[in-house]
Amino acid sequence: MSEASPFWRFSLAVYSRPEVPPACLTLQDMHGLDVNLLLFACFSGTCGRVLTGQDLEILEAAAAPWHAQVVRPLRGARTWMKAQSMSEAEGSLRETIKALELEAERIEQEKLWAALPLTEGRPDRTAVMQNLSLLVLDRADLAGGADVAALETLTAASLAVAEVHAF
């Protein structure tokens, strides 16, 4: 494995904050948003970069096939197994799938990073919010309330992490 990109290191730091996984999973499960794209939107804003519609098209083209054919099936298998009563061997397999899913997520993030590498800039709350808004703009099913809270959580966590870490 090559050295992790600044984006992967940022994602690990942000996702380790206890409030972030529920926010990401709310947006993923309720609206089909790709958590890696959400995190890239946040990371871009912490680099001071406001994404454009063209940037988003580039990112989606880079990640969509891998996400659909590798990440989602692994997640589906792991999630299904989690709800089952399993033997020790089956539980061990679930843990292996979980590790593979994490590695598949890392590879997806490397694809995003390669498609649109960013230079270090100043963290910008407005840029983070604009980037997240760009991702959810065409989501008529975003209901407000919990969704807005999830986006605010991601923004706050991203900026807090960017203040104390150099990526």
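Once the Cβ-Cβ distance between Glu60 and Ile107 is put in as r, and R0 is 22 Å, what FRET efficiency do you end up with, to the nearest 0.05?
Numbers: r = 16 Å, r/R0 = 0.73.
So the FRET efficiency works out to roughly 0.85.
Approximating the spin labels as points 7 Å out from Cα along Cα→Cβ, the Asp29-to-Ser87 distance works out to 2.9 nm.
Remind me, relative contact order of the chain in percent, using alpha carbon pairs under 8 angstrom and six or more residues apart? Each step should come with its number before you reach the end.
Details: 167 pairs, mean separation 73.7, N = 167.
Worked out over the chain, it gives 44 percent.
Rounded to the nearest 0.05, what FRET efficiency is calculated for Ser16 and Arg125 with R0 set to 25 Å and r the Cβ-Cβ distance? Computed FRET efficiency for Ser16 and Arg125: 0.75.
Would you work out the charge dipole size for the stretch 1-160 about its Cα centre, treating the Cβ of every Lys and Arg as +1 and the Cβ of every Asp and Glu as -1, and quote it to the nearest 20 debye?
Numbers: 14 positive and 21 negative charges, 39 e Å.
Magnitude of the dipole: close to 180 debye.
Simple rule: put +1 on each Lys or Arg Cβ and -1 on each Asp or Glu Cβ in the stretch 1-99, find the dipole, and look at His67, Ile97, Leu51; the Cα lying farthest toward the positive end is Ile97.
Of (i) 17.2; (ii) 16.4; (iii) 18.2, which is the value of Kirkwood radius over Cα pairs in Å derived from the coordinates here? Evaluating Kirkwood radius over Cα pairs in Å on these atoms matches (ii). Taking a Cβ cut-off of under 11 Å around Gln109, the surrounding Lys, Arg, Asp and Glu residues balance to a net charge of -2, with basic ones at +1 and acidic ones at -1.
Every number in this text was worked out from the coordinates using simple rules, so none of it is lab data. All of these numbers come straight from a predicted model, not from anything done at the bench. Here Cβ is always computed from backbone atoms with ideal geometry, including for glycine, and neighbour counts include all displayed protein chains.
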